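Worksheet: the structure to be examined is printed underneath.
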Amino acid sequence: MTVANAVLQGVFLGAFYAVLACGLSIMFGVMRIINLAHGDVAVLGAYIVYVIVERTGVPAFVAFAVALPVMVLLGYVLQLTVLERSLKSGILTPLLATFGLSIVIQNLLQLVFSPDVRSLGGSAGSVTTASWQVTSGLSVSALGLLVLVVAVLLFAALQLFLSKTRAGWIMRATAEDADAAELAGIDSRSVYARATAIAVGIAALGGLFLGIRSVFDPVSGPTQLIFAFEAVVIGGMGSLWGTLLGGIALGVAQTVGAQIHPQFAVMAGHLLFLAVLIVRFGGGRLVLRTA
């Protein structure tokens, strides 16, 4: 693999990380919490798509359209039943609550589906194998290009939502100062529930791409959480477009690192994450930004 091809594949990989990290970034920006169950929620979405595919035989993308409303509703209910109470109890309680949720999801998935690995690649059609050879050392995969296009469209849609709609303005106002928003008549409880619903729905999209790109099992969530968290931190906490750029930077670091040594791939991404932490040590509070 040439360096140029490694960079290109890193961009595709980073787009996947950005989709995974998008919901995490939203919850960072709006509610100031780290959702430790985010990776497991994405894996749960992959399993729901898998069940629909197995029961009906429809393609994975059609199954995702059916699973998406279920995941959005789950996110809404999750905020009202679990996260809302924990938000009122300080910074540490939401971490403990989402950590507990992570353990519960993993154990339920193991109980229902067993520890065996699953994949959605066979139900996604030719997009999983199609590619175009640009030059002798540069190839473009259909799946990688699809993920990149979806990632850009997703972040563009979120920016339009936050900057051009009343619901988006309300969400940004609540993220800036929830108490002041309450004084202005905004129901922060409802805003938080909508933000969580959006975050969980996007996490399910990340789970779909995870299932198509590779295999997954009930304990795949923590690994995906690490990559998503690193993408958010590298891009800037609460910054949507920064999350996209952070995911791409992480993906490129991993693929270029693999050029040095195959075992250095993941480590290169971790080193980039550590370097960004050192540079930004003592940064300010989290604010949801659209640029």
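The values are calculated or read from the model by the stated rules, or taken from the named source; none is laboratory data. None of the values given here were measured: they were computed from a predicted structure. All Cβ positions, glycine included, derive from the backbone under ideal geometry; neighbour counts span all protein chains shown.
Could you list all residues from the range 210-238 that are hydrophobic (A, V, I, L, M, F, W, C), over 22 Å from His270 (Cβ atoms) and in a helix (DSSP H, G or I)? Result: Ile212, single match. Only a single item in (1) closer than 16 Å to Ala42 by Cβ; (2) among the hydroxyl-bearing types (Ser, Thr, Tyr); (3) more than 23 Å from the chain's Cα centre (by Cα) is not met by Ser102, and it is number (3).
The single condition among (1) aliphatic (A, V, I, L, M); (2) surrounded by fewer than 24 Cβ atoms within 10 Å (Cβ to Cβ); (3) modelled with pLDDT under 95 that Leu68 does not satisfy is (3). Each residue in the range 151-188 was checked for being touching a Gly at 6+ places or on another chain (Cβ under 7 Å) and either in contact (Cβ under 8 Å) with a residue 12 or more places away in the chain or under 30 Å from Ala6 (Cβ atoms) (or both), and 2 pass. Scanning the range 18-51 for residues that are modelled with pLDDT under 95 and among the β-branched types (Val, Ile, Thr), we see that the one that is nearest to Arg189 (Cα to Cα) is Val30. Among residues of the range 134-150 that are over 23 Å from Gly121 (Cβ atoms), those with a beta-carbon under 8 Å from a residue that is of a type outside the set (S, T, N, Q) and in a loop (DSSP other than H, G, I, E, B) at least six positions away or on a different chain give the pairs Gly137/Met1. Residue count for the range 116-133 under the criterion of being touching a strand residue (DSSP E or B) at 6+ places or on another chain (Cβ under 6 Å) and either at pLDDT below 85 or exposed (fewer than 10 other Cβ atoms within 10 Å of the Cβ) (or both): the result is 2.
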